[in-house]
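These notes are about the structure you will find just below.
The values are calculated or read from the model by the stated rules, or taken from the named source; none is laboratory data. All values derive from a computational prediction rather than experimental measurement. Cβ coordinates were reconstructed from backbone atoms using ideal geometry, including for glycine residues, and neighbour counts include every protein chain displayed. Only protein heavy atoms, including side chains, enter the accessible area calculation; ligands, DNA and RNA are left aside. Shrake-Rupley method; radii C 1.70, N 1.55, O 1.52, S 1.80 Å.
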Amino acid sequence: QVQLLESGGGLVQAGGSLRLSCAASGSILGINVMGWYRQAPGKQRELVAYITSGTRTNYADSVKGRFTISRDNAKNTVYLQMNSLQPEDTAVYYCKAQFVKFEYWGQGTQVTVSS
């Protein structure tokens, strides 16, 4: 079992910044990819960014140049630094740990960007 605990969400004005954290615990050996997803009201969950065990990263086009994903292996934590936030970034943000054959999700953290 793997537990993922997200934190760092909140309310911010447009143009502001937030840093999300996802702390993993439990049977974390074998995690290939850690990712951040988001789901806005009435929309499907979408990939925001991911980082592999080899620290290769990938971003959705909508966040490129504004968001940065990183990981601290010593703390088993993945971060999502979000800059220049816009109202369309408002969503519940979820962390996901991807193994070869299965995946785990966190409970989500709300990010609200006011105009």
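Odds and ends about this structure:
- When residues of the range 35-61 are limited to those that are among the aliphatic types (A, V, I, L, M) and open to solvent by less than 50 Å² (accessible area, probe 1.4 Å), the one farthest from Thr112 (Cα to Cα): Ile51
- Counting only strands (runs of 3 or more DSSP E) that sit completely within the range 1-47, those holding 1 or more residues that are closer than 15 Å to Glu103 by Cα and touching an Asp or Glu at 6+ places or on another chain (Cβ under 7 Å) correspond to 18-26, 33-39.
- Note on the range 39-52: among residues that are out of contact with any Gly (no Cβ under 9 Å at 6 or more places or on another chain) and not β-branched (Val, Ile, Thr), the one that is farthest from Val2 (Cα to Cα) is Gly42.
- Candidate set: the range 94-112, residues that are part of a strand (DSSP E or B) and closer than 13 Å to Gln3 by Cα; chosen: the one farthest from the chain's Cα centre (by Cα): Glu103
- Comparison of Val12, Val33 shows that the only residue that is in contact with a Phe, Trp or Tyr (Cβ under 6 Å, 6 or more places away or on another chain), in contact (Cβ under 8 Å) with a residue 12 or more places away in the chain and of a type in the set (Val, Ile, Thr) is Val33.
- Asn58 being in contact with a Phe, Trp or Tyr (Cβ under 6 Å, 6 or more places away or on another chain), more than 21 Å from Gln107 (Cβ to Cβ), without any contact (Cβ under 8 Å) to a residue 24 or more places away in the chain and of a type outside the set (Ser, Thr, Tyr): yes
- The residues of the range 62-76 that are open to solvent by 20 Å² or more (accessible area, probe 1.4 Å) and under 15 Å from the mean Cα position of the chain (by Cα), listed by number, are Ser62, Lys64, Arg66, Thr68, Ser70, Arg71, Asp72, Asn76.
- Of all the residues in the range 1-32, those that are within 15 Å of Ala49 (Cβ to Cβ) and open to solvent by less than 40 Å² (accessible area, probe 1.4 Å) number 6.
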